[in-house]
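Beneath this line is the structure, given in structure tokens, with notes to follow.
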């Protein structure tokens, strides 16, 4: 039978008819509809038993209580724990995105040993036994050669069990070099020590204040305990509390404040003293406090009245003298006024003169240890381990001066000066640091002066990172001993930044460790065991959980149940001497250091005319700028005027830009004495002319594709500026040049 | 047309009385039989493909990871199906038991039966969840609440799941290659004809019960004119109107009873 065109057509028609009368088209359509629901990008929640685990977030020092919803074994959502004393059910954008860090691709899956050169990012997975043996070998060798003091640890945590275990390890091993990462905590601790004679953290009773005078503090940018501050801020709006924001740039905090005072950058301390001048001159201070509890007022008063007149202050700060006077009057006249400092999130310590000036303001209005004021919150004291028994090597090692110089003559009041380490290491041969541990920190990214940092880094022969994530420090280390991530481990969180009561949070494992990681506490215990006595003897615990059990004793059960412990009826200044100074009172001029408060301002590095502008970094709640890098959810919220594609935008006032010949979005070369980078320009009338604003938290080279290669690291364009009196890093900016490309 | 043809025609026409012989070209209709033939070929072939070949190739056969004996286990527990397939405290249904449940008895192998040994060595000892293939799994767009049907409507498990409790072996799981779902959903019969309520569980099968239930309660207390119009709607869109909301949980009717 020959098939011609018509036969073929009839064949097709027959086929069509038969197909229609068969279930094929109907079933196929139905199946395809369901098939389209299975496409892999269509999100479908998993089935399974729903459980909730309460823990404490550890992505910033805020100490928020979070509740994680799980379906089966998988964590699916993080939310704030309702009723929690710190965050009361709220959560910030970073905390919310914690699951991306838990399950994301930047996790270090197992101990990694460097294969290839440093920074090449070539790794060899090794077993935990091998990895620990490597470390023990190096440490034992150093100790044998009486070089135990050349072991250093840079740690982001110090008050809790893990930080203390590390510090204890270094002590009994024979090294004084336990170095905490810098922040405004350093300056506040020193201020409280000098002016109140106490070893305490600064707590702020923000919930009860009615007038907030913020010297550049990023209340909505991540200062203190971010969620707590956001909630307090909302309450202020409702209660009619007044917020005055003093900073050179219109940040979110400034934009939402009742009054924004654009002050010349770096002169905030001068303004504080100017306000003090007015308060003293017009006798607006709280007599009850000052007369009974203060010391050295007369000398200080003379200093302030002679030097810091409103005219002087106007010349320096750019704030009109009538504004200064009016502000002083309203601040002093408020019911419960409170002054805050620590620029942005408080990542840079700051000048002690500035901090003391602001604290003096608080003293003048009598809010020290009062409702709505600054409270001295005693440090965590629940760790009562037996004293370590040092052998001769350890004792000798501990006698050596610290690498960062803290506690030595010039820096007698400082406890940690991380910014000095690159300088000290780069200068000496052989290197003052022969082995470096990094715990809960990313100094390769956060330290400034990249050239000096690299020089020092290259001189340290053995670098070990405990990071859970492949961050810049881990990428440039020799060995990574990955810690469990915070959602996978037990750990005590010894404080919530700026919280005005003694607080302990407990982080609990929400899921089993997803990778072959080990708790840093356990790593320390195993290293100690392998090193033998005397190191081993100082660690009588089987494992970290055993240590935690013994440390807390019965209290651990309650801590496990509630997730936190707050001394709810903590009253500041009671139960212990409020002022432990020699005079027994609040000291306006510290007897221990007469000069400490004298220098209220620090100058930026760089000279004109090579660098005609001033670069100031600014912080944002959307850009994590410390140990943790932005997860994808968070980086996606950064607006196009800050980051577009891979390009970073710097803020420039239109006048300044015009003078250089730059318009909106144009590419430019930003140069400082420490480095240069290609950026794009965003015209912003909210930044003072002559300044360039650069966001912090970008310019990563490690992490994953969502973060790496985006923008510029502000730290790489800056360098530390030591505050003369304290030695703390007080860099608030650097001179810069912006030119067309 | 060649000139010779023209010429022939012209010649033919000039002849009087004689009709030219026409060479009719082949018209397929009936003349050679190929058109109806090929139609039939196509028709029968496509019927065969649609009714036989298609169902044959649509489904792949998979075996359950462990050949589970329901009858044996049902005998050993007190509460029948609910002993292992139960409601959790929050009201959600536990579904297919997880390893933790089986381990309550099977921490170690209780017998020498090869399937149990396989279960203990490959799953219990490695703490690996058994990847059971679930016959009753519906597509992701469907919201189904066991609590509403078992606790509220007091339905029996067998009505939807069939007498699986009596089985001694695990059935072959016939997986639809396109959807990934079991053949049990559309039904074994490709035409969708069913004998028992559990033979098929597509939307229309759920709707059968829901429409009945809706109609039973709906017409109570309706005025005649209202009833007249409502009846039309009920016939055209069964289950879409009800005297009370047909879903207690979602408080919605019609589509939103089962599709969120």
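Does residue A:662 satisfy the condition of being touching a strand residue (DSSP E or B) at 6+ places or on another chain (Cβ under 6 Å), at pLDDT 95 or above, assigned to a loop (DSSP other than H, G, I, E, B) and surrounded by 21 or more Cβ atoms within 10 Å (Cβ to Cβ)?
Yes: the conditions hold for residue A:662.
When you go through (1) surrounded by fewer than 16 Cβ atoms within 10 Å (Cβ to Cβ); (2) assigned to a loop (DSSP other than H, G, I, E, B); (3) away from chain A (no Cβ under 14 Å) one by one for residue B:89, which number turns out not to apply?
Exception for residue B:89: condition (3).
Go through segment B:160-183 and give me each residue that's away from chain A (no Cβ under 14 Å), in a helix (DSSP H, G or I) and surrounded by 13 or more Cβ atoms within 10 Å (Cβ to Cβ).
B:160, B:161, B:164, B:165
Residue A:150: surrounded by fewer than 16 Cβ atoms within 10 Å (Cβ to Cβ) and farther than 22 Å from residue A:633 by Cβ, yes or no?
No; evaluated as a whole, the condition is false for this residue.
How about segment B:136-159: which of its residues are farther than 22 Å from residue B:89 by Cβ and within 13 Å of another protein chain (Cβ to nearest Cβ)?
Hits for segment B:136-159 are B:136, B:137, B:138, B:139, B:140, B:141, B:142.
Would a scan of segment A:50-57 turn up a residue that is under 30 Å from residue B:92 (Cα atoms), at the interface with chain B (Cβ under 9 Å from one of its Cβ atoms) and at pLDDT below 95?
Checked against the condition, which is being under 30 Å from residue B:92 (Cα atoms), at the interface with chain B (Cβ under 9 Å from one of its Cβ atoms) and at pLDDT below 95, segment A:50-57 yields at least one hit.
Look at segment A:16-47 and say how many of its residues are closer than 20 Å to residue B:56 by Cβ and more than 9 Å from chain B (Cβ to nearest Cβ).
Total satisfying the criteria: 1.
Could you list, in sequence order, the residues of segment B:186-203 that are within 13 Å of residue B:138 (Cα to Cα), assigned to a helix (DSSP H, G or I) and more than 9 Å from chain A (Cβ to nearest Cβ)?
Once the filter is applied, which keeps residues that are within 13 Å of residue B:138 (Cα to Cα), assigned to a helix (DSSP H, G or I) and more than 9 Å from chain A (Cβ to nearest Cβ), segment B:186-203 yields only B:203.
Given (1) surrounded by fewer than 23 Cβ atoms within 10 Å (Cβ to Cβ); (2) part of a strand (DSSP E or B), identify the lone condition not met by residue A:438.
For residue A:438, the failing item is (1).
Answer yes or no: is there a residue in segment A:379-392 that is touching a strand residue (DSSP E or B) at 6+ places or on another chain (Cβ under 9 Å), surrounded by 24 or more Cβ atoms within 10 Å (Cβ to Cβ), part of a loop (DSSP other than H, G, I, E, B) and on the phi < 0 side of the Ramachandran plot.
No.
Checking residue A:350 against (1) part of a loop (DSSP other than H, G, I, E, B); (2) at negative phi, which single condition isn't satisfied?
Result: residue A:350 passes all but (2).
Criterion first (within 14 Å of chain A (Cβ to nearest Cβ), at negative phi and in contact with a strand residue (DSSP E or B) (Cβ under 8 Å, 6 or more places away or on another chain)) does residue B:58 satisfy it?
Yes.
Kindly indicate which of B:47, B:99 is within 12 Å of another protein chain (Cβ to nearest Cβ) and either buried (at least 17 other Cβ atoms within 10 Å of the Cβ) or under 30 Å from residue A:18 (Cα atoms) (or both).
B:47
Residue check: is residue B:215 modelled with pLDDT under 70 and either away from chain A (no Cβ under 14 Å) or outside any helix (DSSP H, G or I) (or both)?
Yes.
The values are calculated or read from the model by the stated rules, or taken from the named source; none is laboratory data. These numbers come from a predicted model, not from an experiment. Here Cβ is always computed from backbone atoms with ideal geometry, including for glycine, and neighbour counts include all displayed protein chains.
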